[in-house]
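The values are calculated or read from the model by the stated rules, or taken from the named source; none is laboratory data. The shown structure was predicted, so the numbers you read here are calculated from the model rather than taken from an experiment. Glycine also receives a Cβ, built like all others from the backbone with ideal geometry; neighbour counts cover every protein chain displayed.
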Amino acid sequence: MARIQLGDRVKCTVTGIEGVVTGMAKWITGCDTASVRGDPKDGKMGESWWVDEHSLQVIKKGAVQLPAPEAPVTTVPPPKGGPPTRSPK
């Protein structure tokens, strides 16, 4: 599925569905699919359909820009040594 990327605006040549690619799946059978989300209407999120990759035509590459990956979260290392102990009296 290298010719279609996440964020591309596409149109299905079979059904006429048009939207932005929001997900992609590669199947063992070779019938790769892409999730195409239609444009919002009346303030509601557009519908999403899984469409065979070979039936999609790219209208605009990179129509939606993906956010840059965030920096990895760093954790504070645990303190060295064991728990505090009391000396016998």
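A Cβ distance below 7 Å, combined with a sequence gap of six or more or placement on separate chains, defines the contacts here; from the range 60-76, residues that are touching a residue at least 12 places away in the same chain (Cβ under 8 Å) reach no residue that is of a type in the set (A, V, I, L, M, F, W, C) and loosely packed, with under 10 Cβ neighbours inside 10 Å.
Residues checked against (1) at negative phi; (2) surrounded by fewer than 11 Cβ atoms within 10 Å (Cβ to Cβ); (3) at pLDDT 80 or above:
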residue	(1), (2), (3)
Gly38	yes, no, yes
Lys44	yes, yes, yes
Trp49	yes, no, yes
Ser55	yes, no, yes
Gly62	no, no, yes
Glu70	yes, yes, no
Thr74	yes, yes, no
Pro77	yes, yes, no
Pro88	yes, yes, no
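When the range 1-39 is examined, which residues are found to be part of a loop (DSSP other than H, G, I, E, B), closer than 24 Å to Ala68 by Cβ and not charged (D, E, K, R)? Met1, Ala2, Ile4, Gln5, Leu6, Gly7 - these are the residues of the range 1-39 that are part of a loop (DSSP other than H, G, I, E, B), closer than 24 Å to Ala68 by Cβ and not charged (D, E, K, R). Consider the range 2-30 and keep the residues that are among the aliphatic types (A, V, I, L, M) and over 14 Å from Lys61 (Cα atoms). The one that is farthest from the chain's Cα centre (by Cα) is Val14.
Being of a type outside the set (A, V, I, L, M) and in contact (Cβ under 8 Å) with a residue 24 or more places away in the chain is the requirement here; does Lys41 meet it? Working first, answer last.
Numbers: of a type outside the set (A, V, I, L, M): yes; in contact (Cβ under 8 Å) with a residue 24 or more places away in the chain: no.
When the stated conditions are applied, Lys41 does not pass them.
Scanning the range 29-62 for residues that are closer than 14 Å to Arg9 by Cα and of a type in the set (Asp, Glu) yields Asp39, Glu53.
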